[in-house]
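Everything on this sheet refers to the single structure shown next.
The values are calculated or read from the model by the stated rules, or taken from the named source; none is laboratory data. All values reported here derive from a predicted model rather than from experimental measurement. Here Cβ is always computed from backbone atoms with ideal geometry, including for glycine, and neighbour counts include all displayed protein chains. Each accessible area value is taken on the protein alone, full model and side chains, heavy atoms only, with ligands, DNA and RNA left out. Shrake-Rupley method; radii C 1.70, N 1.55, O 1.52, S 1.80 Å.
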Amino acid sequence: MAANNRRMSGKKGAQVGSGGQRRKGLEGKGPTPPAEARKGHKKNRIAGAKAKQAVRRPTPRGRGGRSTSELVVGRNPVVEALREGVPASTLYVQQFIDNDERVREALQLAAERGGINLMEAPRPELDRMTNGLNHQGLVLQVPPYEYAHPEDLAGAAYDNGVDPLIVALDGVTDPRNLGAVVRSVSAFGGHGVVVPERRAAGMTAGAWKTSAGTAARTPVARATNLTRALESYQKAGIVVVGLAADGESEIGDLPALDGPVVIVVGSEGKGLSRLVGETCDYRVRIPMPGGAESLNAGVAAGIVLYEAARRRA
């Protein structure tokens, strides 16, 4: 009998007092989660990587984008930039610098403007920041420029109850020309300047200086594709006028300047690009009795803007 008990105790089976654990184990666990939520699955890893990238990616500011920060290097350039009201975030001054008249003026201008951080740095650090340029102990950091969107320029004009007067630059690579155009747009009541995103001058410290402070109140918009931006203006009822040496008519004979208009100015050497020229509603020329072959962008834009302002007065 004892042997029989020993044989029976070795059999596998449910034990007394199991509490129905095996029965619970047979119950369903609900629907299978999607692949993206299952740890270890390929889609789960991809989703995690995308989430990390989204966290690291900076949030864009402004519909037209931002430029990168810029450094103005050297005592004279720094003083001139501060005199002309170029935006600045930090003035770096070399430790134990020879305190001459320009250094004192730079410090005074920065203090008077307010909002500019003053940082003292050793020479090796300034050498590293400027990639070995001759900074002479003064470095001014210009913050990124906040570009507008081309549509914003026309929208602001219509909001004020007036017809848009806008200048677009095609292939203009000299920041000083951009600054001169901004200054002319401001002087003659224009509503902004449009520049292409690539192969074109941007709002650098040089452009700010040439604008003589008018860049603070005249927006500059950046277009990913200038031709498409001009086509968008046309769909909104704005006439696109291109300046060209071989234009079909003279600027004085163009009635379109009385209404909503975008004036397109090309580079001094190449003029308008083919696609931009074909997009324009009119191609006009500026009469030059003196026989000059071309005008730089700043002068050409100023002449046409004056004519437009005269007619609208």
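Listed by position, the helices (runs of 4 or more DSSP H) inside the stretch 171-258 whose residues that are surrounded by fewer than 17 Cβ atoms within 10 Å (Cβ to Cβ) and among the aromatic types (Phe, Trp, Tyr) number at least 2 form an empty set. Residues in the stretch 132-149 that are of a type in the set (A, V, I, L, M, F, W, C) and open to solvent by 40 Å² or more (accessible area, probe 1.4 Å): 133 only.
Looking for whichever is touching a Gly at 6+ places or on another chain (Cβ under 8 Å) and of a type in the set (D, E, K, R) here; the options are 307, 278. Which one fits? Unique residue meeting the criteria: 307.
With respect to being closer than 15 Å to residue 226 by Cβ, at pLDDT below 95 and not in a helix (DSSP H, G or I), residue 266 fits the description. Here the strands (runs of 3 or more DSSP E) wholly within the stretch 88-170 that include at least 3 residues being in contact (Cβ under 8 Å) with a residue 24 or more places away in the chain and closer than 30 Å to residue 244 by Cβ are 165-170. Would you say residue 282 is surrounded by 11 or more Cβ atoms within 10 Å (Cβ to Cβ), touching a residue at least 40 places away in the same chain (Cβ under 8 Å), of a type in the set (Phe, Trp, Tyr) and within 11 Å of residue 243 (Cα to Cα)? Yes; evaluated as a whole, the condition is true for this residue. Criterion applied to 174, 98, 152 was being among the acidic types (Asp, Glu) and touching a helix residue (DSSP H, G or I) at 6+ places or on another chain (Cβ under 9 Å), and the one residue passing it is 174.
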